[in-house]
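Engineer: Dropping a structure here in structure tokens format, bear with me for questions.
Each value in this text was obtained by applying a stated rule to the coordinates, not by laboratory testing. Since this is a predicted model, take the numbers as computed values, not measurements. Here the Cβ positions follow ideal geometry from the backbone for every residue, glycine too, while neighbour counts run over all protein chains shown.
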Amino acid sequence: MGWKCLLGHKGQWYYISATDCLQERICERPECRKRQTRSRHLSWTDWQYKETNSCEQERFCERCRDEENQTVHSWSSWRYKHPEGDCTEVRFCQRCEKVESRLNLGSHQYSQQEYYVFSGQCYTEKVCQRCNYKNFTMRKQHQWGEWFAHPQHASQLIRLCGRCNEKETQSL
């Protein structure tokens, strides 16, 4: 395996000893002789579980016995924690029994839209029938009905928004 750096250095990697994975290379140019070292593991054992009910795995370099670790879970599929009253889903590791949960916003079961007023604007709100999560949507223009006589003030007219029941009055 040859090596050539940007300055034209060349050299071969060699293991420093037969029992470790440390390699060294020295530039072949007599005026340079730059030295570099690196760790290079070439032969790893297969991943093995550390314990029967654990998801921790380890492997070793067959040359120097360096160790690497990783965690590999065996997850079940996502399920609703409480199918009738929650949009939280859970899954279990079948090996170590670890539990993960998430709120599945895409699975809400929304009721019909309801309209309400906020800062004089007509907004929509949908409520999840499973977990009561409220989703507020963009404001809408009021959908005004016909003007009619105000029941308490004869000198005024009133009209209602067909969405949010906001009232608007006007003097005669």
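Engineer: Between [x] 2.29; [y] 2.18; [z] 1.06, which entry matches Cα Rg over 2.2 N^0.38 Å as derived from the coordinates of this structure?
Structural biologist: Calculated Cα Rg over 2.2 N^0.38 Å: the matching label is [x].
Engineer: Still on this structure, I have one more. For a Förster distance of 25 Å, can you work out the FRET efficiency between the beta-carbons of R79 and Q57, rounded to the nearest 0.05?
Structural biologist: In this case the efficiency is close to 0.45.
Engineer: With the contact rule set at Cα under 8 Å and sequence spacing of 6 or more, what percent relative contact order holds for the range 15-172?
Structural biologist: Computed value for the range 15-172: 11 percent relative contact order.
Engineer: Continuing with this model, one more query. In whole Hz and in residue order, list the ³J(HN,Hα) couplings for the range 20-34 that follow from phi through the Karplus curve 6.51 cos²θ - 1.76 cosθ + 1.60, θ = phi - 60°; x for Gly and Pro.
Structural biologist: Those phi angles translate into 10, 10, 7, 10, 9, 9, 10, 4, 6, 6, x, 6, 9, 6, 4 Hz.
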